[in-house]
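The values are calculated or read from the model by the stated rules, or taken from the named source; none is laboratory data. Nothing here was measured: the structure is a model prediction, and the numbers come from that model. Because the Cβ atoms are built from the backbone with ideal geometry, glycine has one as well, and the counts that use them run over all protein chains shown. For accessibility, only protein heavy atoms count, side chains too; no ligands or nucleic acids. Shrake-Rupley method; radii C 1.70, N 1.55, O 1.52, S 1.80 Å.
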Amino acid sequence: MRSILVAIGVASVLALGAAAAFADDYVLTIKDHRFTPTEIKVPANQRVTITVINEDATPEEFESNSMKVEKMIAGKSKGVVRVGPLKPGHYPFVGEYNEATAKGVVIAE
């Protein structure tokens, strides 16, 4: 019985550690080929999760060279991007298919 309780305790600690690795979740929405919000402030030196919701009927690619990430988001769907840990600074991102209008920045502070 003790070994079962220890195993449950270890599994709980591991699950909490995994949850803590991505404790902050941020949401970006693509609508009319524009990101909302255009600026996301995240804690520096921590991994974060960004959920990108594409309300447009057409696909878009969330891309950031400075964060070293590319993620295709089909029309009328969502995708999850995990970034970091980021050093303090500004990290621009674009919608690759609509770079003239789909722009934003992640600010790590």
Contact list please: Cβ distance under 7 Å, first residue in the stretch 26-38 and closer than 21 Å to His90 by Cβ and free of Cβ contacts under 8 Å to residues at least 24 places away in the same chain, second residue open to solvent by less than 60 Å² (accessible area, probe 1.4 Å) and assigned to a strand (DSSP E or B), pairs at least six apart or on different chains.
Thr36/Thr29
Pull out all pairs, ordered by first then second residue, where Cβ-Cβ is under 9 Å, the residues are six or more apart or on different chains, the first lies in the stretch 61-78 and is more than 15 Å from Ile30 (Cα to Cα), and the second is assigned to a loop (DSSP other than H, G, I, E, B) and open to solvent by 20 Å² or more (accessible area, probe 1.4 Å).
Met67/Gly84
Could you check the stretch 82-93 and list, in sequence order, the residues that are open to solvent by 20 Å² or more (accessible area, probe 1.4 Å) and at pLDDT 95 or above?
Arg82, Pro85, Lys87, Pro88, Gly89, His90, Tyr91, Pro92
Select from the stretch 23-81 the residues that are charged (D, E, K, R), under 17 Å from Val106 (Cβ atoms) and not in a strand (DSSP E or B) and write down the one among them that is most open to solvent (accessible area, probe 1.4 Å).
Lys68
When you go through Thr51, Thr36, Thr58 one by one, which is the residue that is of a type outside the set (D, E, K, R) and more than 22 Å from Ala100 (Cβ to Cβ)?
Thr51
Output the number of the condition that Gly9 fails; it satisfies all remaining conditions of (1) open to solvent by less than 70 Å² (accessible area, probe 1.4 Å); (2) modelled with pLDDT of 95 or more.
(2)
